[in-house]
Every structure is written in C-alpha cells, then in structure tokens.
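**Student:** The structure follows.
Laboratory data are not the source of any read-out in this text; all were calculated from the coordinates shown. Nothing here was measured: the structure is a model prediction, and the numbers come from that model. Methodologically, a virtual Cβ is constructed for each residue, glycine included, from the backbone with ideal geometry; neighbour enumeration extends over all protein chains shown.
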Amino acid sequence: MTETLTYRHLFGPGPSNCYPEAIAALGHPILGHLDPLFIEILDRACDGLREVWGTRNARTLPLSGTGSAGMEAAFVNTVGRGDVAVVAVNGLFGERMCEVARRAGAEVVRVDHEWGQPIDPERVASAHPAPKVIAAVHAETSTGVLSDIAALGKLKGDALLVTDAVTSIGGLELLADDWGIDVGYAGTQKCLGVAPGLAPFTISDAAFERRIKDPQSWYLDIGLLGGYVGAASGSKRTYHHTAPVAMIASLQAGLGHILNEGLDAVQARHAAAGLALQNGLQEMGLELFAAEGCRLPSLTTVRVPSGVDSAAVRSYLLENFSLEIGSGAGEFASTVWRIGMMGPNANPGSVVLVLGALKEAIAKA
C-alpha cells in the first residue's frame, strides 16, 4: 500500500519556524570548509552573533552542535574537579546544568526554585561564599519563565556567570557585556529562526584566561577553537574540525534577516505576539502556568484544562492544522502545554491561527 504524503510529512509541522533566507541558504551549493568564501561567511556569522548576544567578545562563534553542546562547552571549559558551581534551578534546563557540571567534576551547589517562578538572584548569589561559576537560565524553556540575569550579574562577585539563552537570543533583550555574562550559550532553532544544529557561544576574555587549560572534551576545548574565529580572537586561524558549512551559511542568512529588520523591531514583534497569545488564551478561560510578570513572550506555558486529554489535543492540532505545540516537562508533562511564538512565527497571523485551532482541538479531542 502506498502511503499518501501530506504537506506536513514533506515539509515539517506547521508554519516554518525558519526565516526564508535561512531556508534558502541551505539549498546553496556546498562550499569547502576551508574555502575563502566560507571563511567570509563564518566571519559574518560571528559578527552577527556578537550583535544578538550584545557583546564585543572576540570568541563569539557557532559551535558545531546543538544548544546542549553549548551547555557542555560552557562547563567543561570553566569547571574542573573540586571547583564549586552554584546552579539556579527553576526548570528542566537548570537541572540539566547541574548534571553537566557534575560530570565535569564540579562540586554542585543547587539552588532550587518553584517551577513557574523566576530565580531569586540574591539567594543564588549567596548560596556559596566563593564559587568558580554561578549558572542560570535566562529563558527557561520548560516553564516559559524569564529570569533577571542582569541582577544576578551585579551580585556574582569573582564568580564567572554562565547563562543559558537558548529561548531568548534573537528575540528578547540580551546584553551579555552590560549584564556581566562571562560565558553564554544558545541554540539556533528558536528566536533566531534557523534550523537546529548549532550552538551560538560567547566567552569573555576574562573567562578565557580562567578557563580549564586541558578540559575533558577535546572537541569543545575553547582554547583549540580559537582558530575557528581566527584574527578576531588574536589567534591564527587553524583547522580544528570540518565545519557544518551549510548550517553556518544558514545561520549567517538568518542573522542577516534579523539585523536587516532591526534587532529592536524583532524584539518588539516577539513581545507583541507573546502578549497577544497570552491575552487570547486567558480570554478562552485557560490558565497560564508561568508567574505573572516573568512570562516569556517567545514561549508561553498554559495549564491543560481539567478533563482534557493533553496528548489528544496536541495530536489533533498536528494532524488537522500542521501545528505542533509541546507538552510540559517533568511532573507537568501531561498538565501543561508549551506554545512557541518565535522567529518568523512571532506575528499576529500565527496568534490568530493558534488560538482558533486550539479552541477547536479542545472541543473536538
């Protein structure tokens, strides 16, 4: 029997979360990773990442791996056996930070918060008198919560501040230098509007000088990766690994879209779409999960109504509207939905589509 392919099977679920320029770049002829034209593309991508990170850090680059590779790189380059890592936990990705830091050999001081609430900067900063690093998630993807990293940066003292910006970079205000972020990592698949596969990474000169000189990961050794950004970091460009040239070309194109539109305008578009979605959900009688005052515009969490089958609603949306919304995480897997308004999908049309489709799905599922 021949399976009938639907639009979703051919092109992926729902409206594309990639900017058109990023999609088009994936179809360009593949350059060699040592081709001078590719090196120019890489340099432009690094320049664009400095813009969206809000930094002048020379060592700002797309790591060859997803956002989880960025998390690994952040910890293996900053903590070794016996170093103290204070980690703020208010969701799944704070928990994952703890595990990655533990495997890097750190003594982890975990500072737990209620899921759905932002971190308490003062409690995190006072959890240990002299940590090597303090780590926190800026935009917690599992709960839809935005935390005040700037306030934590003011309290960090001599510690290095490690920040997860996966769900904020490219769509929300992010000022690494002004906020005191020493090491930051992110992903390409959310507000940057590029397919998953790269980890935008930045490390300050001060953090680079205090790095682990022989980290457990050769591949993610930021000292060796200096050649990836060449003259920008004051080092001679050298071969480290075969770069994912198509993905970096796509990233450069996606960043170009954001900077051409204007970073302030992109952030305003994300803020407007998120607020409109949240207002619409509440007008439908649904309860938002994240605490008021710290809700992400790029990712909204909403409680599944009593008596409604979460999985059935999600399946209905996927099959009938080619819309994919996420389940909750951890103990909230079946009681919370996660709805992204990111990249090109952060627009009024997407809000109308999601609200109407969700209303129908709840009634039918």
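**Student:** Average the reciprocal distances over every distinct pair of alpha-carbons in region 98-201, invert the result, and give the Kirkwood radius in Å.
**Tutor:** Kirkwood radius, region 98-201: 14.2 Å.
**Student:** Same structure, new question: What is the Cα convex hull volume of region 264-364 when expressed per residue in Å³? Walk me through the numbers before you get to the answer.
**Tutor:** Working: hull volume 9.8 nm³, N = 101.
So the per-residue hull volume is 97 Å³.
**Student:** In region 185-237, if every C-alpha pair distance is counted and binned at 10 Å from zero, what percent goes to each bin?
**Tutor:** Answer for region 185-237: a P(r) of 22, 45, 30, 4 percent.
**Student:** Suppose we take every Cα in the chain and form the convex hull; what volume per residue is that in Å³? Intermediate results must be reported in sequence, preceding the final value.
**Tutor:** Working: hull volume 52.8 nm³, N = 365.
Here the figure is 145 Å³ per residue.
**Student:** Say R0 is 41 Å: what FRET efficiency, to the nearest 0.05, do A333 and T238 get from their beta-carbon distance?
**Tutor:** For A333 and T238, the calculated efficiency is 0.35.
**Student:** Order of 137-150, 239-252, 60-73 by packing, highest average Cβ count within 10 Å first? Let's see the in-between values first.
**Tutor:** Details: 137-150: 26.7, 239-252: 19.6, 60-73: 22.8.
Result, highest mean first: 137-150, 60-73, 239-252.
**Student:** Antiparallel versus total DSSP beta bridges in the chain: what percent is that, nearest 5? Each step should come with its number before you reach the end.
**Tutor:** Numbers: 20 of 37 bridges.
Rounded to the nearest five, the antiparallel share is 55 percent.
**Student:** Restricting to DSSP loop positions (anything but H, G, I, E, B) with no more than 16 other Cβ atoms inside 10 Å of their own Cβ, which trypsin sites (Lys or Arg not before Pro) remain in region 13-78?
**Tutor:** Values: sites: R44, R50, R56, R59; in loops: R56.
Counting only loop positions with at most 16 other Cβ atoms within 10 Å, the trypsin sites (Lys or Arg not before Pro) in region 13-78 are R56.
**Student:** Please compute the contact order of the chain in relative form: average sequence separation of alpha-carbon pairs under 8 Å and at least six residues apart, divided by the residue count, as a percent. Don't jump to the answer; show the numbers that get you there.
**Tutor:** Numbers: 769 pairs, mean separation 80.4, N = 365.
So the answer I get is 22 percent.
**Student:** Residues with amide H under 5 Å of V145's amide H, sequence separation 5 or more or different chain, H placed in the peptide plane at 1.01 Å from N; which?
**Tutor:** Those lying under 5 Å, H to H, from V145 are E140, L296.
**Student:** Another question, if that's okay. Mean Kyte-Doolittle of at least -0.5 plus a Cα span of 20 Å or more along the axis: flag which DSSP H helices in the chain meet both, please.
**Tutor:** TM-like helix candidates: 36-53, 245-261, 263-283, 348-364.
**Student:** Report the full-extension gain for the segment D112 to A150: residue separation times 0.36 nm, less the Cα-Cα distance, to one decimal in nm. Don't jump to the answer; show the numbers that get you there.
**Tutor:** Values: separation 38, 0.36 × 38 = 13.68 nm, distance 1.93 nm.
Roughly 11.8 nm would be gained on extension.
**Student:** Same structure, new question: Quick one: length gained pulling A272 to S16 fully straight, 0.36 nm per residue minus the C-alpha distance?
**Tutor:** Details: separation 256, 0.36 × 256 = 92.16 nm, distance 1.93 nm.
In short, 90.2 nm is gained.
**Student:** Same structure again: What is the extension gain from E261 to T66, computed as 0.36 nm multiplied by their sequence separation minus the C-alpha to C-alpha distance, in nm to one decimal?
**Tutor:** 67.7 nm
**Student:** Okay, moving on. Evaluate the relative contact order of region 270-315 (contact order divided by residue number), counting alpha-carbon pairs under 8 angstrom at least 6 apart; express in whole percent.
**Tutor:** Details: 36 pairs, mean separation 17.4, N = 46.
Computed value for region 270-315: 38 percent relative contact order.
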